Amino acid sequence: MKALLTLTAGVLLSLSVLAPAHAQDEKKKELTPQQQRMGTCSKEAKEKGKTGDDRKAFMKDCLSGKSEPDKKMTPQQEKMAACNKDAADQKKTGDARKAFMKECLTAH
């Protein structure tokens with residue numbers, strides 16, 4: 001009987017020691033949002049072949065949220081870009097540019 005109590009106490013003691021270690025392992029697996037962003041940005045930099053200063057600049061922009069790579073433009077943004085390009089090609093400035101942009105954006 002005494003051996004059984006000693007064995008039970010030993011098992012309980014070992015479980016109490018292992019439980020916090022297991023909890024720490026689970027905490028290590030959960031990445032913070034910043035760590036997740038770092039992994040995503042690093043993966044994108046590698047896929048794009050960024051190295052050296054280019055990689056540093058890319059990572060800085062990506063981690064700060066300034067970079068939205070491969071994001072499609074909305075139809076309105078596409079229309080605005082096309083009209084902007086046309087206005088620049090025609091060297092429109094000031095009021096003439098405003099009038100051209102208004103006409104261009106309503107026509108498309």
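Based on this model, can you work out whether LEU31 counts as part of a helix (DSSP H, G or I), open to solvent by less than 100 Å² (accessible area, probe 1.4 Å) and at pLDDT 80 or above? Criteria not met by LEU31. For the stretch 75-108, the set of residues classified as among the polar types (S, T, N, Q) and part of a helix (DSSP H, G or I) consists of GLN76, GLN77, ASN84, THR106, listed by residue number.
The values are calculated or read from the model by the stated rules, or taken from the named source; none is laboratory data. Just so you know, these numbers come straight off a predicted model, no measurement behind them. To get the accessible areas, we keep the full protein, side chains included, count just its heavy atoms, and leave off ligands, DNA and RNA. Shrake-Rupley method; radii C 1.70, N 1.55, O 1.52, S 1.80 Å.
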